[in-house]
Amino acid sequence: MSKDLVLKLISIVKDKSQIDDELLNYINSIFSKNADRVLETIKRGITKYHIEDRIIWTAMGENSEHIIYPKLYCSCQDFYLNVVIERKRDFCKHILAQIICELLNNYEEKRISYDEFRILFKDEFDNTINNLKS
């Protein structure tokens, strides 16, 4: 993700401490007029999982929960196609939503074991592996 875009996003969110028109306009400018999609993702929910000695973030998608490594990776199809393969942009809506929610402390926290996490996200892991193979 472009460092400058992230720093400006962080600055806006920290300054305002809320989602307002300035933030929405900025999201539209960096994410092809898709601020509404980022807001939908925020409404569906962001979760911070504490898994033994690790932290993994997730975003609830339309049909499944996507694994996020902040500012770096998302397991959603859009990230794979438009960020990794076609390089149309530097991030997906889930990554933007995670950054915003983390800064606003607007997320759910859960503590689970690694085995519980593996069971919860088996399909997501399988999809990611299949994407990497193709």
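The values are calculated or read from the model by the stated rules, or taken from the named source; none is laboratory data. Not measured: the values here are computed from a predicted model. Here the Cβ is made from the backbone with ideal geometry for all residues, glycine too, and neighbour counts use every protein chain on show. Ligands, DNA and RNA are excluded from the accessible area calculation, which covers all protein heavy atoms including side chains. Shrake-Rupley method; radii C 1.70, N 1.55, O 1.52, S 1.80 Å.
Checking each residue in the range 30-42 for being in contact with a Cys (Cβ under 8 Å, 6 or more places away or on another chain) and open to solvent by 60 Å² or more (accessible area, probe 1.4 Å) picks out no residue at all.
Kindly indicate the residue of the range 43-70 that is modelled with pLDDT under 90 and open to solvent by 20 Å² or more (accessible area, probe 1.4 Å) and also farthest from L5 (Cα to Cα) among those meeting that condition. Give the derivation first.
Narrowing the range 43-70 to residues modelled with pLDDT under 90: 52-53, 61-64.
Now drop any that are not open to solvent by 20 Å² or more (accessible area, probe 1.4 Å), which leaves 52-53, 62-64.
Values: E52: 32, D53: 30, E62: 26, N63: 28, S64: 27 Å.
Among them, the one singled out is E52.
Taking the conditions (1) closer than 30 Å to I119 by Cα; (2) of a type in the set (V, I, T); (3) not in a strand (DSSP E or B) in turn, T47 satisfies each one other than (3). In the range 71-115, the qualifying residues are those that are assigned to a helix (DSSP H, G or I) and open to solvent by 50 Å² or more (accessible area, probe 1.4 Å), and the one that is nearest to H50 (Cα to Cα) is Y114. Quick one: Y26 ticks every box in (1) open to solvent by less than 30 Å² (accessible area, probe 1.4 Å); (2) under 11 Å from the mean Cα position of the chain (by Cα) bar one, so which box is it? Failing condition for Y26: (2). In the range 116-129, the residues that are closer than 14 Å to Y73 by Cβ form Cβ pairs under 6 Å with partners that are surrounded by 13 or more Cβ atoms within 10 Å (Cβ to Cβ) and modelled with pLDDT of 80 or more, at six or more places apart or across chains, as follows: E124/I67; E124/S75; T128/S75. For beta carbons closer than 9 Å, sequence separation of 6+ or different chains, a first residue in the range 75-92 that is of a type in the set (K, R) and a second that is in a loop (DSSP other than H, G, I, E, B), the qualifying pairs are K88/S32; R89/F31; R89/S32.
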